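S.K.: What follows is a structure written as structure tokens; I'll ask about it next.
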Amino acid sequence: MEASKQFSKIMQGKLWKFFGGIKPKELKRTQDTPIEELPIPALITIPLDRHLGPDGEILVNVGDYVKTGQVLTRPGGTRYVPAHASTSGTVTSIAMSVLPHPSGFSGLCLTIKPDNKDVCVDFNGISNFKEVSPRELINIIRDRGIEGLGGAQFQTATKLQAAIDEGNVCNLFIVNGAECEPVATCDDRLMQEKADEIIQGVDIVAHILQPKLVLIAIEDNKPNAIKAMSLALQKREDLKDLVQIRVIPTLYPSGAARNLIKILTGIEIPYSEHTSECGIVVDNVETVFAIKEAIIDGKPLIKRVVTVDGSSLHKKGNALIRLGTSVRFVLTNYNLIPQRKQRIILGGPLMGFTIPSIDVPITKSTTCVLAPSTNDMEFAPPEMNCIRCGKCARVCPSRLVPYQLYAYSKAQKHNEAKKCGIDDCTECGCCSFVCPSKIRLAAQFRKEKAIASLIAENQYRNLRAKERMAIRNERLEKEAKEREAKKKAALARIAMQKNGTDDAQLKAKMIEEARARAKAKREAALLKQTETQATNIDPVEIKGNMLMSNAGLRQEAKMSIKLDIALEADTALQENSNIKAALPFNLRQGAVKKHYQGYNATNREIVKHTQNVDIIEYKGVHTAIESMDKNVAITTQNNILNTAKKLPLNLRKDKNQCKLQ
Amino acid sequence: MQITVKSAKQNLGIETAPHIRDNMSTPRIMLYVIIALVPAFITTIFFFGFGVLWQFVIALISSLICEVIVAFLRSYKLKHHLADHAYIVTALLLALTLPPLIPWYFTATASAFAILVVKHCFGGLGQNIFNPAMAGFIFLMISAPSSFYQTYVTPSAYAYKIASLDASASIILEGRDPQELRMQLKANLENADIITGATYLESIKTAKKSGIDDQINNIDFLGHDFNAYFYLALAYILGGIFLIATKVILFQMPLSFLITIFIGGYIWHNLAPNVSLSGIEHLLCGGTMLAAFFIITDPVTNAGTSKGRIVFSIFCALLILLIRVQGSYSDSVAFAVLLANATAPLIDVLTKRRSFGIGYKKGGLQ
């Protein structure tokens, strides 16, 4: 396909500008400190909320021993990725604990007590990924737990999948090495140290997406990273035509996906659209590196590079940290000398948040851990009146007018705020940065967004409630109508009885009909009896019972069979009694006894059979799996799954092992 | 919110993002404006005498008292309330625009009106619709026209020697007749008889109305009698450049404003020389330069976005031309500015910014 005019411009290396943006002090003091790996901490806490989903399942129990890289959860749906143990040890608890959130929310976390041996599961890498189909590679990326490491933690596999889904063609793959946030240098260091691996990762993603062009965007304040990346690219002859390194001017927030797309392509993608559906995929360098690790080395995402900086620390640098390590451990390793009201910020100084507790784990979205002193970053001064200087409007990369939005938001005019474009706000913090009156604009917008989503949720609930109400009213109406009809019929019957025209005839007819019905029923019941006695019980028929090795359940099964028989007998008796209503009570009892005597013999036989079937079926499952007779294996496994929910916990574990085999 | 007891005990600092901020602050902006007004202030003293300084002192004291009253009424912390130096700017602008020899109670009233009614009745700093200094000026101009015109002085070089601190104090504070001093100042000029009114603008207007403008036409703004206007304009431009350099004001605003006034004046003068001033006279006379750099650039009372501000400037310039040429008052800057202020919200609506991603085609890049 011939490239369009726009595309040829992009190929030639034209750069566009996005609206607004700020140039804060870069403060990149850790640019030249190499990445060092932190030791294994005393405790690993892995938040599970992003790894479970609606029907997710935790695959381990408290007290289990897990190895490094072992899968801990099976997420429900494709929107979530499984969690992996970041070191080997014993699972000590699965309980609520504080999450890395500005409000100090707590959520379900899995805690591992490391044994310091770091025993790994076997990592099966794929050496020749070009022979594997993109779909499979995407599945591997999902299974290895890869999510966006730039801070937003968007699931990478979903992004890639959306880009190559039917109807979508990926034209451009952008590797985001802009790292516009001040202080953060983790991407910079990674590019300097792992340039070759990143290029390999680019190769993998290019194989998945088949783009026409790959751009590696790096801000011009990272000369070393640019040098390292171009050197690594020169080594790869096969990628020379496809991949280009684009040096972009330093301007915050050029690292935000839409702004980066605007810089590199001149296209503004509205916030209502997904970038990957527009033929452009943006991934952070660290994510690309993680993809390489996942595909070629087979390692799941269990470590990430984090910049640790701030004047309250006596040591600064970039650390390779296992996910789940507590912030306290990181700060202790970097010799924190806390001030009064020490702030600990997760993320950069412009978009990061202070945490109320340092006993929270490092997650995939943590790019920086900052411990600034007041010399470094002052406490926020008191707010003054807005003088409508318009500085915020001139720096907003989303082309909003923040002071207007702020006024609406403060006045609780949520509809007006929405009209002003609160949904386009990326909370980049440019407006708060430049505001001369030191108004916390971004914070207000964050709040406004939360309120907006709350309102939307309430509206949705209202709607649902109204629907339910309408259905209820309809039902009530219908019932009332039915009642009316019944009443009418009853009245009509009474009227007819009063008239008493052909009453006796009708009665006789009805009795006759009832008799015929009863006879038919009795015959059918007799037929059934003989059948159950005669047939060799087909194993397939009682398959539902086959797995009930549990004595109690089997007992239940027996009982149910007995009960069935008894019921049948009862019904037969009742029919008998219907016909011969005058039969005395004791005789009727005797009839029941008789029936039981008749059936007990067959009953025992059935139970025997079920036992045999149990054993046979169990063997069958194993032999089927061993012989890899797929159809049989799948059907039997399905049966196992069907019954799985009813089974007690110890049995379920067996099943999991069975599945894993 | 759900902060556990354990986490609350850690006593960490909590703060919303972003954690770093620009150095520029509202007090600093006001300070820059004050600094930028200093050269113009000195020049004004040089050409109009020390009356201006007295006016500034009176206006400052008056507005300070008003601010204290407001802080007391609204139970604000006084220190925090006075931290923005906006009232100093208002006082300074009032001193520069009011007649230098007007009695003190007029100045005090004007500044009280500006602070109390125009600013704080609308909700304080940042909420006012009209420019406080201009509103105070007009309040006085309309309510006390006679004393207003009797206290205006004709600018002349070394006026500060004649209208010294004592001489102006005796008129402003003690209420002596200003006529004598005014005549003295006028006598300082070489061709005093050309000027019929107090200022050049006033004189030329009366001259044009009566149809005898031959004498006063084609004056030399670099000559002895009229260089006051030139140097004053230069001082304002100097201050304006300082503000542009410190990014307090947008350079597009004064630029579009001055260009509109110049071109508009030039065209009107060529079409009807008996009615309108020439372009250069429009630029140098009256409050044009002051308005260009210090009045229309007041962020509170104009439109929000850059585009809106340029539209606002052009509209204000056109109003100045119209009122100056067709109106009955000699100068029109204050009226034009107030009228334009009133239209600022409308301009805000009309120059609404397109939102991000407009013009995006489905499918994006091909």
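S.K.: Which of the peptides A:26-37, A:252-263 is most tightly packed, and how do the rest follow, going by the mean number of other Cβ atoms within 10 Å of each residue?
M.R.: A:252-263, A:26-37
S.K.: Once you list every other residue whose beta carbon is under 15 Å from the beta carbon of B:ILE34, what net charge do they have if Lys and Arg are +1 and Asp and Glu are -1?
M.R.: Spelling it out: positives minus negatives among the neighbours equals -1.
S.K.: For B:SER156, B:SER330, B:SER147, which order do you get if you count the other beta carbons within 10 Å of each Cβ and list the fewest first?
M.R.: If I rank by nearby Cβ atoms, fewest first, I get B:SER147, B:SER330, B:SER156.
S.K.: Starting from the amide H of A:GLY69, placed 1.01 Å from N in the peptide plane, find each other amide H under 5 Å away whose residue is 5 or more places distant or on another chain.
M.R.: HN-HN under 5 Å from A:GLY69: A:ALA85, A:SER86, A:THR87.
S.K.: Roughly how big is chain B's charge dipole about its Cα centre, with Cβ charges of +1 (Lys, Arg) and -1 (Asp, Glu), in debye to the nearest 20?
M.R.: Result for chain B is approximately 2040 debye, rounded to the nearest 20.
S.K.: What order, most packed first, do the peptides A:358-371, A:461-474 have when packing is the mean number of other Cβ atoms within 10 Å of each residue?
M.R.: So the peptides A:358-371, A:461-474, ranked by packing, come out A:358-371, A:461-474.
S.K.: Summing Lys, Arg as +1 and Asp, Glu as -1, what charge do residues with Cβ under 10 Å from the Cβ of A:LEU336 carry, A:LEU336 excluded?
M.R.: Every neighbour counted, the sum reads +2.
S.K.: For a quick check: with amide H placed at 1.01 Å from N, whose amide H comes under 5 Å from A:VAL282's, ignoring anything fewer than 5 positions away on the same chain?
M.R.: Residues meeting the criterion, in which the H sits 1.01 Å from N, are A:ILE174.
S.K.: Rank B:PHE50, B:PHE251, B:PHE294 by mean-square fluctuation in a GNM of chain B with C-alpha springs under 10 angstrom and give only the top-ranked residue.
M.R.: B:PHE251
S.K.: Shifting gears a bit: On a 28 Å Cα-Cα criterion, which of the cross-link pairs A:LYS478/A:LYS507; A:LYS391/B:LYS119; A:LYS413/B:LYS307; A:LYS9/A:LYS194; A:LYS481/A:LYS509 come out too long?
M.R.: Among A:LYS478/A:LYS507; A:LYS391/B:LYS119; A:LYS413/B:LYS307; A:LYS9/A:LYS194; A:LYS481/A:LYS509, the Cα-Cα distance tops 28 Å for A:LYS478/A:LYS507; A:LYS9/A:LYS194; A:LYS481/A:LYS509.
S.K.: Let me ask something else. Across peptide A:436-446, how many C-beta atoms of other chains are within 10 Å of each residue C-beta, on average?
M.R.: 4
S.K.: From the phi of every residue in the stretch B:246-252, what ³J(HN,Hα) in whole Hz does the Karplus formula 6.51 cos²θ - 1.76 cosθ + 1.60 yield, where θ is phi - 60° and glycine or proline is x?
M.R.: Ordered by residue, 3J(HN,Hα) equals 8, 6, 7, 10, 7, 5, 5 Hz.
S.K.: For the stretch A:131-193, restrict the atom set to alpha-carbon positions and state the Rg and Dmax in Å.
M.R.: Final numbers for Rg and Dmax: 14.1, 41 Å.
S.K.: Oh, and also: Tabulate in residue order the Karplus-calculated ³J(HN,Hα) for the stretch B:93-100, using 6.51 cos²θ - 1.76 cosθ + 1.60 with θ = phi - 60°, rounded to whole Hz; enter x for Gly and Pro.
M.R.: Karplus values, whole Hz, x for Gly and Pro: 5, 5, 4, 6, 9, 6, x, x.
S.K.: For the pairs A:LYS262/B:LYS352; A:LYS341/B:LYS77; A:LYS227/A:LYS315; A:LYS28/A:LYS67; A:LYS67/A:LYS159, note any where the Cα-Cα span goes beyond 31 Å.
M.R.: A:LYS28/A:LYS67
S.K.: Within 10 Å of each Cβ in B:22-28, how many Cβ atoms from other chains are there, averaged over the peptide?
M.R.: Average per residue, whole number: 6.
S.K.: Ranking A:GLU147, A:GLU219 by Cβ neighbours within 10 Å, fewest first, what do you get?
M.R.: Fewest to most other Cβ atoms nearby, the residues stand as A:GLU219, A:GLU147.
S.K.: Just to check I understand the Karplus step: with θ = phi - 60° and J = 6.51 cos²θ - 1.76 cosθ + 1.60, what whole-Hz values come out for the stretch B:40-49, glycine and proline as x?
M.R.: Running phi through 6.51 cos²θ - 1.76 cosθ + 1.60 with θ = phi - 60° gives 5, 5, 4, 4, 5, 4, 4, 9, 10, x Hz.
S.K.: Positive end of the charge dipole of the stretch A:380-487 (Lys, Arg +1 and Asp, Glu -1 on Cβ, about the Cα centre): tell me which of A:ALA485, A:THR426, A:GLN459 has its Cα farthest that way.
M.R.: A:ALA485
S.K.: Counting helices only, and only those DSSP H runs with n ≥ 4, report the 222 nm mean residue ellipticity of chain B as the sum of -39,500 (n - 2.57) divided by its residues, in deg cm²/dmol to the nearest 500. Present the calculation step by step, with values, prior to reporting the outcome.
M.R.: Working: 17 runs with 209 residues, N = 366.
After summing the helix terms and dividing by residue count, I get -18000 deg cm²/dmol.
S.K.: Name the most mobile residue of B:ILE115, B:ILE241, B:ILE69, meaning the one with the largest mean-square fluctuation, in a Gaussian network model of chain B with Cα contacts below 10 Å.
M.R.: Greatest mean-square fluctuation among the candidates belongs to B:ILE69.
S.K.: While we're on this one: What distance in nm separates the two pseudo spin-label positions at A:THR530 and A:GLU416, each 7 Å out from Cα along the beta-carbon direction?
M.R.: Taking the two extended label points, one gets 8.9 nm.
S.K.: Also: Quick one: check the C-alpha center-to-center distance for the stretch A:369-429 versus the stretch B:52-117, whole angstrom.
M.R.: Distance between centres, Cα-based: 31 Å.
S.K.: Under the definition of partner shielding as Cβ atoms of other protein chains within 10 Å of a residue Cβ, what is the mean value for peptide B:296-309?
M.R.: Partner-chain Cβ atoms within 10 Å, mean over residues of B:296-309: 3.
S.K.: Based on alpha-carbon positions alone, could you give the equivalent ellipsoid semi-axes of the stretch B:250-351 from the gyration tensor, as √(5λ), descending, whole Å?
M.R.: Semi-axes from the Cα gyration tensor: 23, 13, 12 Å.
S.K.: Now, a different point. Given bins 5 angstrom wide, list per bin the percent of all Cα-Cα distances in the stretch B:27-248, short to long.
M.R.: Reading upward from the zero bin: 1, 7, 13, 17, 18, 16, 13, 8, 4, 2, 1, 0, 0.
S.K.: Taking N as the number of residues in the stretch B:42-130, what is its Cα Rg relative to 2.2 N^0.38 Å? Walk me through the intermediate numbers first.
M.R.: Details: Rg = 13.4 Å, N = 89, 2.2 N^0.38 = 12.1 Å.
The value comes to 1.10.
S.K.: Follow-up question, since we're still on this one. Compute the long axis of helix B:333-350 from its Cα atoms, compare it with the longest principal axis of the Cα atoms of chain B, and write down the angle in degrees, 0 to 90, nearest 10.
M.R.: 30
S.K.: For A:ARG135, A:ARG328, what's the fewest-to-most ordering of other Cβ within 10 Å of each Cβ?
M.R.: By the 10 Å Cβ count, ascending: A:ARG135, A:ARG328.
S.K.: I want to verify a result. In a Gaussian network model of chain B, Cα cutoff 10 Å, which of these has the top mean-square fluctuation: B:PHE312, B:PHE226, B:PHE72?
M.R.: Of the options given, B:PHE72 has the highest mean-square fluctuation.
S.K.: Same structure, new question: Please work out, to two decimal places, the log10 of the ratio I(q)/I(0) at q = 0.12 Å⁻¹ from a Debye calculation in which every Cα of the stretch A:295-422 carries one identical scatterer.
M.R.: Each listed q maps to, in turn, -0.66.
Bear in mind these aren't lab numbers, they're just calculated from the coordinates by the rules spelled out. Owing to the predicted nature of the structure, the values given are computational and were not obtained by experimental measurement. Backbone-built Cβ (ideal geometry, glycine too); neighbour counts: all protein chains shown.
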